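What follows is calculated from the coordinates using simple rules that are stated; it is not laboratory data. Fair warning: this is a prediction, and the values are worked out from it, not measured in the lab. Here the Cβ positions follow ideal geometry from the backbone for every residue, glycine too, while neighbour counts run over all protein chains shown.
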Amino acid sequence: MGRRSFWSAIVSAVVLGSFLLAFETAFGEEPKSAALIQTLPTDGVWAEFNVIVKIEGREIVPKWAVRSVGQAFQSGKQCRFIEMEQSSDQDDFPKTTWRLLVPEDEFGEGKDPLSKAVRRWVKQRDNDPESLDSVELKDPIFAMLLAGPKQNLKTETAKEKVSWQQGDLECSVISGGNEIDFVGNKLSMAHRVFRHKDVPFGLAGMHQELKLDIGGRKEAVSIKMSLRDHGKDAKPKLPDLVP
């Protein structure tokens, strides 16, 4: 994989992974787990976000959405369908929809429900949807990011104001980081995630700074995301993908 294609893959995965980080962490005084998805969302809720990505002197403005879109009984358990979607008119962020079927009893504080999905699909661009045995095998960087940061997780003392089209939100802030070696390249991430109990999935926005050392050449990415809209009438984009 070339340097740019490798870097683009990291950016695509990081934005979606970061988006998930906020939406699932419990609202305790201190986060107890780095897993990105933890809490069970109300079925039918959706949230959409504006994103600004700055990389190598360019600015990319994709959009993100997450939805809880139905229930099914699988492997002896009641499960929930979760869809995650990105859209953009730029090749760096091709339209991609992930659909996961996750047992409801795998959600909860300190858990990592997405890693326990019993069925997984992904649709990219205009390609047919693909059934997956493992998110890790399809996109190892995205899977790594779903696990969340591993270091220095904390709830900051100060609140952060996040503005959206219906007003301002005074949000709690979770910060943390991670540093990994990926095929000989070092990737470090610093997260600040803004949470509010009155918006779906608890997410109002996030800031993330990434640094990548590729054979001694250093790259940096800045990502900012903010709530655009939310509601309670979520419609699945991939409704035919069922067990």
Legend entry - Rough spin-label spacing in nm, given labels placed 7 Å along Cα→Cβ, for residue 218 and residue 181: 2.0
Inset, instruction - Please work out the C-alpha center-to-center distance from the stretch 63-132 to the stretch 155-178 and express it in whole Å. - result: 26
Inset, instruction - Under a cut-off of 12 Å between alpha-carbon atoms, report the aspartates and glutamates in cross-link reach of residue 77, not counting same-chain residues fewer than 8 places apart. - result: 104, 105, 106
Legend entry - Nitroxide proxy distance, nm - points 7 Å out along Cα→Cβ at residue 242 and residue 228: 3.0
Legend entry - Relative packing of peptides 77-87, 200-210, 154-164 - highest average C-beta neighbours within 10 Å first: 200-210, 77-87, 154-164
Legend entry - Backbone HN-Hα couplings from phi across the stretch 209-220 [Karplus 6.51/-1.76/1.60, Hz, Gly and Pro as x]: 10, 10, 10, 10, 10, 10, x, x, 8, 9, 10, 9
Inset, instruction - Would you mind checking the pairs 186/232; 123/232; 111/218; 123/154 and listing those with alpha carbons more than 32 angstrom apart? - result: 186/232; 111/218; 123/154
